[in-house]
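Data block below; observations after.
Laboratory data are not the source of any read-out in this text; all were calculated from the coordinates shown. Quick caveat, the model's predicted, so the values are computed rather than measured. So basically every Cβ, Gly included, is an ideal-geometry build from the backbone, and we count neighbours across all protein chains shown.
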């Protein structure tokens, strides 16, 4: 999350007239600068004064004196401060420390916008998973403002993602690798899943007053008020990404799956110290209207705790179960059930001796045993891995999970034929040669 700390930092008058060398630095002046910046700009004047006093006591006691290499000092300051606020971060740049070098601060706006475009404004992957489950791999919340809302490419990217998933019967938003971003996009994307005027949005306290994360412009697309929503979080989920999950989770609008998030609630921005150092300071702190608190330190609570490596599979199961519980049409229910069976069977295996019974030529189709798995081939088409469902029945792998293969046996129990069935009901039967 960003704030105007960097702009305000121009008033600090903390920059030294002569930067230190690129190799060593005098720690005490840098630590004092950091303490003064916290005292002047942390969101709470009282808490900021306490943090600054702690830094000064440690500085006077010589606790930072041994960190004469700049990056070591930056790491030591960060380690000291982050237990007080997970957003605290001190960095050092050799270029900014060089006489005549660029001042430390945020990247050039045009460069930042180009980088956001290369990252698809955070929407790294948007797709429809089998069974009618929409999936968004969200890697950040790109900023837009009231002034550029009508033309913002970030807003268009959000609208495009939601438009692509217009036919989804359930939606998964994967924030497991989402470090943060803009409160404006948090409010906008949240509005897609909540009714107009819903009192669910965080209010930010700061020395300048209060502000809200509520969306300042309505979604262009249809709101998905009744679509089951699942949000995946992990220890890498931070800041604005946590705000999105926390807001919708607290409102009982989303099921949170995975691991507790990083616990960085307070937004802010980078500002300059001296000698090439910069510091991230939190300029605000959110308060949720439902819980009366935020997720700082604790992280976003999860409804379904599961290891990060298995979180997407678990979310897919929950989404498909929600679809089936929602009285879908016969065709939609069949698709969801087949997809659910395939997901539940992921990782299932049979002994190679058992699988060998199925291998062979079946007219236009061929079954091969490769690396302990059955693979279905047809002419020049890429092979499809089969996953056992039981009783000579197999699901086709993720590339085409809405297909199944059933093997038939003769009177002596030998495999004699296979039938490949599509979820639509079409069947293709081949005798074993």
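Who wins for biggest fluctuation among 165, 422, 229 in a Gaussian network model of the chain, springs between alpha carbons below 10 Å?
Highest fluctuation of the listed residues: 422.
Give me the percent of DSSP beta bridges within the chain that run antiparallel, rounded to the nearest 5. Display every interim value, and only then the final one.
Numbers: 53 of 69 bridges.
Of those bridges, close to 75 percent are antiparallel.
Springs between alpha-carbon pairs under 10 angstrom, Gaussian network model over the chain: which of 307, 364, 191 fluctuates most?
Answer for the Gaussian network model of the chain: 364.
Taking the convex hull of the Cα atoms, report for region 154-304 its projected area averaged over all directions, in nm².
Result: a mean projected hull area of 9.7 nm².
In whole angstrom, note down how far apart the Cα centers of region 246-288 and region 146-174 are.
One Cα centre to the other: 22 Å.
For the residue pair residue 354 and residue 24, what label-to-label distance in nm results when each label sits 7 Å from Cα along the Cα-to-beta-carbon direction?
Between residue 354 and residue 24, the label points sit 7.0 nm apart.
Residues in region 26-40 near a label at residue 72, defined as backbone nitrogen under 15 Å from the 7 Å Cα→Cβ point?
26-28
Given the alpha-carbon gyration tensor of the chain, what are the semi-axes of its equivalent ellipsoid in whole angstrom, ordered largest first, with each equal to the square root of 5 times an eigenvalue?
The equivalent ellipsoid of the chain has semi-axes of 53, 25, 19 Å.
Which FRET efficiency, nearest 0.05, do residue 159 and residue 412 yield, Cβ-Cβ r, R0 41 Å?
Here the calculated transfer efficiency is 0.10.
Shape of region 52-207 from its Cα gyration tensor (a ≥ b ≥ c, root eigenvalues): rounded if a/c is under 1.5, otherwise prolate when a/b > b/c, or oblate?
It is prolate, given that a/c is not under 1.5 and a/b is the larger ratio.
Which one, 82, 357, 259, has the greatest fluctuation when you compute a Gaussian network model over the chain with C-alpha springs under 10 angstrom?
357
From the helices alone, meaning DSSP H stretches of at least four residues, give me the mean residue ellipticity at 222 nm for the chain, per-run term -39500 (n - 2.57), in deg cm²/dmol to the nearest 500.
-9000 deg cm²/dmol
Between helix 27-41 and the chain, what is the angle of the helix's C-alpha long axis to the longest principal axis, kept within 0 to 90° and rounded to the nearest 10?
80 degrees
Ratio of Rg to Rh for region 352-431, alpha carbon only, Kirkwood? Provide the component values of the computation, followed by the final result.
Details: Rg = 11.7 Å, Rh = 12.6 Å.
Rounded to two decimals, Rg over Rh is 0.92.
How much of the DSSP beta bridge set in region 203-335 is antiparallel, as a percent to the nearest 5?
Approximately 65 percent, going by the DSSP bridge assignments.
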